[in-house]
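I have placed the structure first, in the form of structure tokens, so that the comments after it can refer back to it.
The values are calculated or read from the model by the stated rules, or taken from the named source; none is laboratory data. No experiment lies behind these values; they were computed from the predicted model shown. So basically every Cβ, Gly included, is an ideal-geometry build from the backbone, and we count neighbours across all protein chains shown.
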Amino acid sequence: MANDPSTGQGTETAANDVVIVGGGTAGWMTAAYLTAAFGDRVKITLVESASVGTIGVGEATFSDIRHFFEFLGLAERDWMPACNATYKLAVRFQDWREPGHHFYHPFEQLRSVLGFPMTDWWLRYPTTSRFDVDCFVMASLCDAGRSPRYADGRLLEQEFVENEEIPSTIAEYQGAQFPYAYHFEAHLLAKFLTRYATQRGVRHIVDNVVDVALDERGWVSHIQTEENGQIDGGVFVDCTGFRALLLNKALGEPFESYQDTLPNDSAVALQVPMDMDRDPIRPCTTATAQDAGWIWTIPLISRIGTGYVYARDYLEPEEAERTLREFVGPAAKDATANHIRMRIGRSRRSWVNNCVAIGLSSGFVEPLESTGIFFIHYAIEQLVKYFPGLDWDPSLRTQYNNSMNHVMDGVREFLVLHYRAAKRQDNQYWRDTKTRVIPDSLAERLEMWGSKVPDASTVYSRYHGLPPYSYNCILLGMGGIDVKPSPALSLADEKAALAEFQLIAGKAKELVQKLPTQNEYFKRMRNEI
Ligand code: FAD
């Protein structure tokens, strides 16, 4: 077959020889997943630098991440203790409306009565001032610091919890909502996955990539390393983080910034020690609003990961670090600050010719709502789904790129909504969040959501990991945008809805009484191993 230089079709580039550049969360998750998917039918080499570090943050996840571990055949007891992992039932938003106010965005499907979501009923018949506590069981479990599992390991019982026995992928289980995600130490996960992947045959090279060679078609022919010479391959996976050495630098694929709508471009992070016997392990990530952004708090076993995400246009790094240290208090005294510049946006295409970027090299939409690792997991699943054959059918790359672009563009809309909907307007940073340009499609949606809470027909329509209930939580919780109940609810019989609110309250009370705290649960898990 003749070469077609524009598509690569007809070339003999062997797709089953994969070279991954980068050994952060993205690199090792990709290596581990590909071995689990293809076994020794695909040869995998991972090259990582000893001198260029990983980003060192990224410790909160989406609930779909459980499919990743299941796919690898790992139970929680196999990997959680090794990664100092804890459970995450929700994101807690603190002070976004006003000082002292908080609400949760939980991992829990929103129930409905007579076809109207409980949030809509709540707007018409608010039983308390807390929509999250009235509409979701998880909010009460978070306030009480509960584990989603009983002391003997059984999962809390809820009718909407998907069957946890069936290993699957994100794509197969979009109808249900698993009730929790994880927090884990990123570097411990990378270490754990290194062992997992190398034991299954992944070749591991620690070296610096100094050059990326392209052939006459513009395809990557090999990478050049400092000490191990030339490394050839078929598919090259760029997991080099914000540097994007292969996709953006060598292949010149343009990067499309989201900075006009999401101005936070910097972060400073600290790792703070914690005493499991004394300090409660909150079962949620907390995002606390600050003068020029927000601070994350991620409780792990024996330490807390925390960091201030901010916009350089409004705050200098020294000031951000000072604020973060004050926020943490004396425990931050000996912690070393990690200052990070963030590249917000996505590559125009994440897969070009025989190079696929996964992780920060592909795109990143700031850490609010913890979507970075979700993008990685989704990208790996899509790579397996659209993995090339010998003919390198370009349509597979196009479909991959469409799905990755949609997942990131959709999340971008969701995050912009947080800032636009937050009631806080007490300084220039927060006032600007109300006047800054927003994606046109979001502007149209906001018009609709002003008269009816979001549903499947009015949120970003392509898969992006966030169901309509997530938008309901942000709109009702942030408090800066007026949302009205559907007029039909004043005509409908409210008895069944009020009974549903009582059922939720009863279930929450029962579970708070029966479930252990996270501290109790993990002490037991760790003692039993
Ligand atoms: P990196 O960790 O930067 O790894 C890059 C790798 O490339 C390294 O191994 C390096 O050695 C290698 N490399 C680079 N150059 C060379 C070279 N020349 N030769 C050889 N190797 C090279 N995501 C979440 O899901 N949840 C969160 O809570 C979250 N919080 C975040 C907070 C912040 C402030 C930021 C910036 C990101 C956060 N993320 C979060 C995103 C998450 O951190 C990343 O998605 C994840 O860590 C993946 O990073 P990576 O592997 O793409 O890149």
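Report yes if Arg436 is more than 21 Å from Tyr87 (Cα to Cα), within 22 Å of the chain's Cα centre (by Cα) and surrounded by fewer than 17 Cβ atoms within 10 Å (Cβ to Cβ), otherwise no. Break it down into steps so the answer makes sense when it comes.
Values: more than 21 Å from Tyr87 (Cα to Cα): yes; within 22 Å of the chain's Cα centre (by Cα): no; surrounded by fewer than 17 Cβ atoms within 10 Å (Cβ to Cβ): yes.
No; evaluated as a whole, the condition is false for this residue.
If a residue has to be of a type outside the set (A, V, I, L, M), touching an Asp or Glu at 6+ places or on another chain (Cβ under 8 Å) and assigned to a loop (DSSP other than H, G, I, E, B) to count, how many in the range 314-331 make the cut? Counting residues in the range 314-331 that are of a type outside the set (A, V, I, L, M), touching an Asp or Glu at 6+ places or on another chain (Cβ under 8 Å) and assigned to a loop (DSSP other than H, G, I, E, B) gives 1. Taking every residue in the range 332-353 that is on the phi > 0 side of the Ramachandran plot and pairing it with any residue that is part of a strand (DSSP E or B) and among the charged types (D, E, K, R), at least 6 positions away or on another chain, the pairs with Cβ-Cβ distances below 8 Å are Gly345/Glu256. Considering the range 367-381, and only residues there that are more than 7 Å from the ligand (Cβ to nearest atom) and surrounded by fewer than 24 Cβ atoms within 10 Å (Cβ to Cβ), the residue that is nearest to His222 (Cα to Cα) turns out to be Glu381. Counting only residues that are within 6 Å of the ligand (Cβ to nearest atom) and of a type outside the set (Gly, Ala, Ser), which one in the range 39-65 is surrounded by the most Cβ atoms within 10 Å (Cβ to Cβ)? Within the range 39-65, the match that is surrounded by the most Cβ atoms within 10 Å (Cβ to Cβ) is Glu59.
Of all residues in the range 182-204, those that are within 9 Å of the ligand (Cβ to nearest atom) and in contact with a strand residue (DSSP E or B) (Cβ under 7 Å, 6 or more places away or on another chain) total 1. In the set (1) hydroxyl-bearing (Ser, Thr, Tyr); (2) assigned to a loop (DSSP other than H, G, I, E, B); (3) more than 16 Å from Glu59 (Cβ to Cβ), Tyr378 fails one condition alone, (2). Restricted to the range 483-498, and to residues there that are under 35 Å from the mean Cα position of the chain (by Cα) and of a type in the set (Gly, Ala, Ser), the residue that is farthest from Leu114 (Cα to Cα) is Ser486.
Check whether at least one residue in the range 313-322 is within 30 Å of Tyr87 (Cβ to Cβ) and either more than 10 Å from the ligand (Cβ to nearest atom) or among the β-branched types (Val, Ile, Thr) (or both), and report yes or no.
yes
Only residues that are more than 14 Å from the ligand (Cβ to nearest atom) and more than 32 Å from the chain's Cα centre (by Cα): list them for the range 214-228, please. Within the range 214-228, Leu214, Asp215, Glu216, Arg217, Gly218, Ser221 meet the criteria.
Say we look at the range 332-365 and pick out the residues that are assigned to a strand (DSSP E or B) and touching a Lys or Arg at 6+ places or on another chain (Cβ under 6 Å); which of these is nearest to the ligand (Cβ to nearest atom)? The residue in question is Gly363. Of the residues screened, Ala422 is not one that is within 16 Å of the ligand (Cβ to nearest atom) and buried (at least 23 other Cβ atoms within 10 Å of the Cβ).
Quick check on my filter: what residues within the range 236-252 are assigned to a strand (DSSP E or B) and either within 12 Å of the ligand (Cβ to nearest atom) or more than 20 Å from Arg346 (Cβ to Cβ) (or both)? Result: Val237, Asp238. Where helices (runs of 4 or more DSSP H) fall wholly inside the range 440-529, the ranges with 3 or more residues that are closer than 20 Å to Ser140 by Cα are 468-478, 495-514, 518-528.
Filtering Leu489, Leu466 for residues that are farther than 19 Å from Pro179 by Cβ and of a type in the set (A, V, I, L, M) leaves a single hit, Leu489.
Taken over the range 253-300, the criterion of being touching a Cys at 6+ places or on another chain (Cβ under 9 Å) and not in a strand (DSSP E or B) is satisfied by Glu253, Arg282, Pro283, Leu300. Need the failing condition index for Pro283 against (1) over 24 Å from the mean Cα position of the chain (by Cα); (2) within 20 Å of Cys83 (Cβ to Cβ), just the number. Going through the list (1) over 24 Å from the mean Cα position of the chain (by Cα); (2) within 20 Å of Cys83 (Cβ to Cβ), Pro283 breaks only (1). Within the range 402-413, none of the residues are assigned to a helix (DSSP H, G or I), away from the ligand (no atom under 13 Å from the Cβ) and farther than 17 Å from Glu256 by Cβ.
Within the option set Pro299, Pro280, being touching a Gly at 6+ places or on another chain (Cβ under 9 Å), more than 27 Å from Arg436 (Cα to Cα) and modelled with pLDDT under 95 holds for one residue only, Pro280. Looking only at the range 382-408, filter to residues that are polar (S, T, N, Q) and over 20 Å from the mean Cα position of the chain (by Cα); which one of those is surrounded by the most Cβ atoms within 10 Å (Cβ to Cβ)? Ranking the qualifying residues of the range 382-408, first place goes to Gln399. Can you find a residue that is under 30 Å from Asp211 (Cβ atoms) and either touching a Pro at 6+ places or on another chain (Cβ under 7 Å) or within 12 Å of the ligand (Cβ to nearest atom) (or both) anywhere in the range 253-272? Scanning the range 253-272, I find at least one residue that is under 30 Å from Asp211 (Cβ atoms) and either touching a Pro at 6+ places or on another chain (Cβ under 7 Å) or within 12 Å of the ligand (Cβ to nearest atom) (or both), so the answer is yes. For Leu368, the criteria (1) of a type outside the set (Val, Ile, Thr); (2) touching a Phe, Trp or Tyr at 6+ places or on another chain (Cβ under 8 Å); (3) more than 30 Å from Met274 (Cα to Cα); (4) not in a strand (DSSP E or B) hold in every case but one, which is (3).
Taking every residue in the range 431-457 that is touching a residue at least 40 places away in the same chain (Cβ under 8 Å) and pairing it with any residue that is surrounded by 15 or more Cβ atoms within 10 Å (Cβ to Cβ) and small (Gly, Ala, Ser), at least 6 positions away or on another chain, the pairs with Cβ-Cβ distances below 7 Å are Lys452/Ser486. Every test in (1) within 13 Å of the ligand (Cβ to nearest atom); (2) farther than 30 Å from Val309 by Cα is passed by Thr35 save one, and that test is (1).
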